[in-house]
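The values are calculated or read from the model by the stated rules, or taken from the named source; none is laboratory data. Predicted model only: the values in this text are computed from it and were never measured. Cβ: placed from backbone, ideal geometry, glycine included. Neighbour counts: every protein chain shown.
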Amino acid sequence: MQSIINDDGSSPLVLVVDDDDDIRDILSYGIQASGCRCLTADSAEAALNILRSDPVEVVISDVQMKGMSGLDLCRRIKDHFDADVIIITGLVNNFAYEEIIAYGASDFIEKPIRLAEIVARLKRVLIERQTREKLKQAAEELHKNVERFKQAMEGSVQAIALAVEMRDPYTSGHQSRVADLACAIARDMGLSEDRVYGLYMASIIHDLGKLTIPGEILCKPGRLSGPEYAMIQTHVYSGYNILKKIDFPWPLAEIVLQHHERMDGSGYPNGLFGEAIMMEARILSVSDVFETIGSHRPYRPSLGLKKAMGELTSNSGTLYDPDVVSACLDLVEGERFQFKSAKGASVFVTTQMQSL
């Protein structure tokens with residue numbers, strides 16, 4: 001057999017477990033001749049002691065031995081050690097292949113043993129073991145790269161959110177608090193963490209399109225005129241048009257576009273009804289309304305927490321998804337959610353940006 005070398009340059013370490021001295025000697029000779037290192041044990045108990053002190057990669061064990069059986073040894077190895085197991089047995093009528101594999105064995109060989117077959121099986125198990133390790137390393141590296149990508153992407157999104165807030169001193173914290181509430185609702189409703197994260201990314205920049213709205217309109221202390229209100233409404237399309245050009249793993253552009261749609265079709269920009277509105281957008285709309293009503297605006301003082309809860313309750317099922325409203329109110333009334341200020345203190349009202 002062509003020698004198999006580990007990535008660190010060492011030869012694989014194999015442990016032979018059998019209470020027959022001759023079999024142990026024969027297997028040890030053949031395994032070492034193949035280029036592997038080999039240790040031997042005359043019982044399962046002795047094998048466990050070796051496994052505790054030596055980095056054994058493959059255990060080749062007989063089934064019937066004094067004390068613990070080879071199958072019980074196999075199960076102990078799979079529970080406590082990082083080693084593959086090859087079972088040798090002459091009791092082929094007593095065990096099905098599936099049963100032996102169910103104990104955790106990587107392979108099994110029938111007696112009478114042939115040294116060449118054992119060496120060939122050992123080589124296959126070692127190659128598969130090395131392949132698994134390489135796949136594991138590749139997966140770990142991929143995970144690190146994904147995390148780095150997510151951090152870079154989130155940093156970019158946070159920078160965009162900051163740019164929106166810098167347009168107007170009254171906007172500080174609105175998008176982040178809406179995002180916190182939206183994620184809490186989404187988790188309470190059982191959305192996957194991947195969808196929750198996508199919702200967070202969309203929520204943190206849901207007002208991105210307001211970069212295109214003149215500051216004097218955003219901060220106007222009085223009522224908006226019809227044309228001014230129509231201009232405010234364009235922010236969802238503006239945000240959508242910016243985000244659709246970026247290939248995010250989540251439908252951020254669509255969530256932003258739909259977050260002012262309403263269940264009865266009275267929302268904008270497309271007058272979508274009910275299920276035609278994405279769940280993430282339904283959650284974002286409730287979070288946005290709740291935070292907005294409970295916050296000060298240039299054109300009015302805060303309307304308070306009770307007013308925000310009353311708005312959601314009275315329009316549940318018409319403007320807002322009733323399941324989302326229920327989750328939101330349960331979180332707030334049960335004191336399982338509170339907004340956080342920039343310094344981490346719990347608050348309900350501080351935001352001062354128009355969110356129409």
If PRO112 passes every condition in (1) over 22 Å from ASP72 (Cβ atoms); (2) surrounded by 12 or more Cβ atoms within 10 Å (Cβ to Cβ) but one, which one does it miss?
(2)
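From the list LYS220, LYS210, which residue is surrounded by 19 or more Cβ atoms within 10 Å (Cβ to Cβ) and either in a loop (DSSP other than H, G, I, E, B) or of a type in the set (Lys, Arg) (or both)?
On the way: LYS220 fails: surrounded by 19 or more Cβ atoms within 10 Å (Cβ to Cβ).
Being surrounded by 19 or more Cβ atoms within 10 Å (Cβ to Cβ) and either in a loop (DSSP other than H, G, I, E, B) or of a type in the set (Lys, Arg) (or both) holds for just one of LYS220, LYS210, which is LYS210.
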With the requirement that a residue be over 25 Å from SER192 (Cα atoms), surrounded by fewer than 19 Cβ atoms within 10 Å (Cβ to Cβ) and not aromatic (Phe, Trp, Tyr), what does region 257-279 give you?
ASP264, GLY265, SER266, PRO269, ASN270, GLY271
Return yes when ILE23 is over 40 Å from the mean Cα position of the chain (by Cα), surrounded by 13 or more Cβ atoms within 10 Å (Cβ to Cβ) and either at negative phi or at pLDDT 90 or above (or both) and no when it is not.
yes
Looking at region 148-166, I want the residues that are closer than 14 Å to TYR200 by Cβ and have a partner that is in a helix (DSSP H, G or I) and β-branched (Val, Ile, Thr) with Cβ atoms under 6 Å, at least 6 apart or on another chain. Which pairs are those?
VAL157/ILE204; ALA161/ILE204
So which residues in region 232-245 are in contact with a helix residue (DSSP H, G or I) (Cβ under 8 Å, 6 or more places away or on another chain) and not in a helix (DSSP H, G or I), if there are any at all?
THR234, LYS244
What residue, among those in region 182-204 that are surrounded by fewer than 24 Cβ atoms within 10 Å (Cβ to Cβ) and in contact (Cβ under 8 Å) with a residue 60 or more places away in the chain, is farthest from ILE255 (Cα to Cα)?
ASP188
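Would you point out which residue out of GLN32, GLN64 is of a type in the set (S, T, N, Q) and part of a loop (DSSP other than H, G, I, E, B)?
Details: GLN32 fails: part of a loop (DSSP other than H, G, I, E, B).
Just a single option satisfies the conditions, and that option is GLN64.
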Quick test of your reading of the structure: GLU254 fulfils all but one of (1) surrounded by fewer than 21 Cβ atoms within 10 Å (Cβ to Cβ); (2) touching a residue at least 60 places away in the same chain (Cβ under 8 Å); (3) part of a helix (DSSP H, G or I); (4) of a type outside the set (Ser, Thr, Tyr). Name the failing condition by number.
(2)
Of these, SER28, SER34, which one is in contact (Cβ under 8 Å) with a residue 24 or more places away in the chain and either surrounded by fewer than 20 Cβ atoms within 10 Å (Cβ to Cβ) or assigned by TED's automatic domain parsing to the domain that holds ILE109 (or both)?
SER34
Which residue is farthest from VAL286 (Cα to Cα), if the candidates are limited to region 175-191 and must be in contact with a helix residue (DSSP H, G or I) (Cβ under 9 Å, 6 or more places away or on another chain) and not in a helix (DSSP H, G or I)?
LEU191
Within region 169-190, is even one residue under 23 Å from ASP288 (Cα atoms), under 32 Å from the mean Cα position of the chain (by Cα) and at pLDDT below 75?
yes
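Inspect all residues belonging to region 40-54 and state whether any of them is in contact (Cβ under 8 Å) with a residue 40 or more places away in the chain, more than 44 Å from the chain's Cα centre (by Cα) and within 22 Å of PHE81 (Cβ to Cβ).
Within region 40-54, the subset in contact (Cβ under 8 Å) with a residue 40 or more places away in the chain is 54.
Subsequent filtering for residues that are more than 44 Å from the chain's Cα centre (by Cα) retains none.
So far as region 40-54 goes, no, none of its residues is in contact (Cβ under 8 Å) with a residue 40 or more places away in the chain, more than 44 Å from the chain's Cα centre (by Cα) and within 22 Å of PHE81 (Cβ to Cβ).
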Is it the case, given these coordinates, that ARG132 is more than 25 Å from VAL59 (Cβ to Cβ) and without any contact (Cβ under 8 Å) to a residue 24 or more places away in the chain?
no
